[in-house]
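Student: Below you'll find the structure I mean.
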């Protein structure tokens with residue numbers, strides 16, 4: 001949930017650390033700080049608020065050194081105050097930055113206090129600094145001290161450590177939280193995300209679970225959790241550097257909404273022919289695994305969970321397989337009964353979502369036929385730890401509220417659905433007209449998405465009626481119910497309006513009591529089998545004075561004659577309607593948030609990558 005940057009170079013690293021923090025601010029923005037080994041010794045500067053506040057401090061109190069660490073925080077233990085901001089120190093010579101949660105910090109804190117250590121903060125991180133200092137006093141070797149200290153830590157962490165006595169290197173380690181190394185020419189770096197380091201390198205090494213690394217100007221040395229020297233593969237950055245820039249858009253979120261036609265095309269590229277899905281998209285092992293699949297379990301969190309809910313409709317209707325979808329944070333704490341030959345599918349934008357990773361690790365011991373990841377980050381833990389994987393190719397997503405990552409997940413899940421159908425239809429002869437129809441519609445989808453984006457000004461005008469409201473209700477039926485949930489989530493996340501989503505048929509079972517002129521209602525009305533029932537539901541809302549905005553297929557005959565505000569959408573086949581109808585809900589939430597003056601890209605209390613439980 002926090003952002004780490006570290007650097008060792010033959011030049012001052014403060015500008016590198018600051019730029020890295022700016023690029024990582026989507027991971028946390030309650031406070032920020034850095035520490036460098038200056039000629040005068042270890043120097044630290046911290047500030048509450050965003051990175052800009054830290055920059056102001058450094059303008060009046062500059063820090064210069066060739067080895068340093070930096071951090072931008074999303075508060076877990078302790079309020080967002082300067083005393084709780086990272087880096088944390090033990091004495092005056094050792095500093096630590098940390099992402100994650102140390103679950104046994106309270107008992108460690110008591111033990112350290114009993115031996116004479118004093119604590120300044122309320123954080124779990126400070127115990128790491130004191131533990132490492134304690135072992136350093138015994139060995140005089142910072143790398144060994146980190147090895148010994150992390151054995152005692154329970155929970156998830158990525159850390160970077162510097163010591164005044166060793167300005168020539170820094171030490172970092174990971175367990176359960178992501179950490180990547182950047183390889184430069186005569187300089188080395190670490191960060192929570194490669195985006196932080198694109199200013200200085202395009203060569204990266206992804207640390208694996210339990211790895212500890214020593215970074216110096218001569219390179220990096222890595223040992224695994226057994227203490228053995230290892231080499232991890234170096235990978236070149238696959239995305240353009242402009243992925244981290246706004247490119248003229250006011251916000252990252254708006255830029256990423258408008259990138260969706262391209263990233264959808266990227267996700268489809270090389271995976272479909274003119275009429276069918278190419279069978280190799282899940283890797284060479286898929287042909288051995290998929291013929292045995294009799295059931296699918298989908299596990300995810302947040303927006304990814306909504307993608308999984310849509311996939312349940314697809315997998316059951318198109319592939320003919322039973323499918324269960326569950327929130328990862330609930331799944332891992334119940335007694336799970338795994339039916340024979342069940343495929344476990346986990347969805348995560350970052351591939352480092354703590355609850356999803358924990359669910360995967362549980363699933364690997366629970367008797368599933370195989371595991372499969374839908375993910376956007378090639379080197380992530382989720383990809384490394386599953387049997388099969390399907391990358392979404394959304395590119396970096398900076399805005400905290402997910403947009404293009406969600407729609408590319410839906411594209412990937414549709415491809416998975418069609419592959420599962422292909423396997424089950426293998427014994428039949430002739431062309432599969434269902435697959436042909438959906439693949440043809442997938443080819444046309446990016447153009448239809450562009451047509452939806454062209455409705456932006458109309459959606460902005462509709463947003464005016466939401467800006468002064470405190471609550472909103474989103475309605476959908478069938479596959480559009482999860483999309484209604486996603487629309488409500490987007491409005492909540494960035495405009496701070498309380499929003500709920502319901503299956504439209506549930507209105508009479510409670511939510512109708514909330515409807516009045518102060519409760520705007522958003523309805524999703526594609527031209528599908530449930531349209532007439534949805535129209536009846538909308539009449540119920542209208543009869544109680546509700547203000548209704550409908551996103552409707554032009555062929556649905558939902559118009560002004562019903563007394564509704566209607567925005568007409570391009571026609572699309574039923575199966576792909578959830579993808580298309582996501583776009584106007586994203587734009588609506590965006591424009592409402594802009595009107596309300598909230599921080600669109602960095603909404604309060606939220607962070608992009610949820611790497612703690």
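FYI, it's all coordinate maths here, none of it is from the lab. These figures come from a predicted structure and were not determined experimentally. For neighbour counting, all protein chains shown are included, and Cβ atoms are generated from backbone atoms with ideal geometry for every residue, glycine included.
Student: Report the extension gain between residue 235 and residue 444 in nm, rounded to one decimal, defined as 0.36 nm multiplied by the number of residues separating them, less their alpha carbon distance. Write out the running numbers ahead of the final one.
Tutor: On the way: separation 209, 0.36 × 209 = 75.24 nm, distance 3.34 nm.
Between residue 235 and residue 444, full extension yields an extra 71.9 nm.
Student: Given contacts defined as C-alpha pairs under 8 Å and at least six residues apart, what's the relative contact order of the stretch 252-400, whole-number percent? Write down the numbers at each step before the final one.
Tutor: Working: 240 pairs, mean separation 38.0, N = 149.
Answer for the stretch 252-400 is 25 percent.
Student: Exposure proxy check: 218, 76 ranked by fewest other beta carbons within 10 Å? Walk me through the intermediate numbers first.
Tutor: Values: 218 12, 76 19.
Least crowded to most crowded, the residues run 218, 76.
Student: What does the helix-only formula give at 222 nm for the chain: each DSSP H stretch with n ≥ 4 adding -39500 (n - 2.57), the total divided by the residues, and the result rounded to the nearest 500 deg cm²/dmol? Write down the numbers at each step before the final one.
Tutor: Details: 18 runs with 204 residues, N = 613.
Helices in the chain give a 222 nm mean residue ellipticity of -10000 deg cm²/dmol.
Student: Give me the distance between the Cα centres of the stretch 137-169 and the stretch 460-501, rounded to whole Å.
Tutor: That distance is 47 Å.
Student: For Cα pairs less than 8 Å apart in space and 6+ apart in sequence, what is the mean separation divided by the residue count of the chain, i.e. the relative contact order in percent?
Tutor: 12
Student: How far is helix 126-139 tilted, in degrees, relative to the longest principal axis of the Cα atoms in the chain, given as a value from 0 to 90 rounded to the nearest 10?
Tutor: 40
Student: Could you put 98, 297 in order, starting from the residue whose Cβ has the fewest other Cβ atoms within 10 Å?
Tutor: Details: 98 27, 297 24.
Ranked by crowding around the Cβ, least crowded first: 297, 98.
Student: If you don't mind, another one. So how many Å³ per residue does the convex hull of the Cα atoms of the stretch 3-236 work out to?
Tutor: On the way: hull volume 24.9 nm³, N = 234.
Given the Cα convex hull of the stretch 3-236, per-residue volume reads 106 Å³.
Student: Sticking with the crude label model, points 7 Å out along Cα→Cβ, report the distance from residue 336 to residue 144 in nm, one decimal please.
Tutor: Result for the modelled spin labels: 4.2 nm.
Student: While we're here: What is the distance in Å between the Cα centroid of the stretch 185-210 and that of the stretch 357-429?
Tutor: First find each Cα centre; the distance between them is then 25 Å.
Student: Can you give the relative contact order of the stretch 218-339 as a percent, counting alpha carbon pairs under 8 Å and 6+ residues apart? Write down the numbers at each step before the final one.
Tutor: Numbers: 68 pairs, mean separation 17.5, N = 122.
Rounded, it is 14 percent for the stretch 218-339.
Student: Helix 433-453 versus the longest principal axis of the chain: what is the Cα-based angle in degrees, 0 to 90, to the nearest 10?
Tutor: Roughly 70 degrees between the two axes.
Student: While we're on this one: Looking at the chain only, what percent of DSSP beta bridges run antiparallel? Nearest 5 please. Don't skip to the answer; put the middle values down first.
Tutor: On the way: 63 of 104 bridges.
Just about 60 percent of them are antiparallel.
Student: Helix 105-114 against the longest principal axis of the chain: what's the angle in degrees, Cα atoms only, rounded to the nearest 10?
Tutor: 20
Student: Tell me, 151, 494, 347, 132 in order of fewest to most beta-carbon neighbours within 10 Å? If you can, show how the numbers build up before the last one.
Tutor: Values: 151 10, 494 28, 347 34, 132 25.
By the 10 Å Cβ count, ascending: 151, 132, 494, 347.
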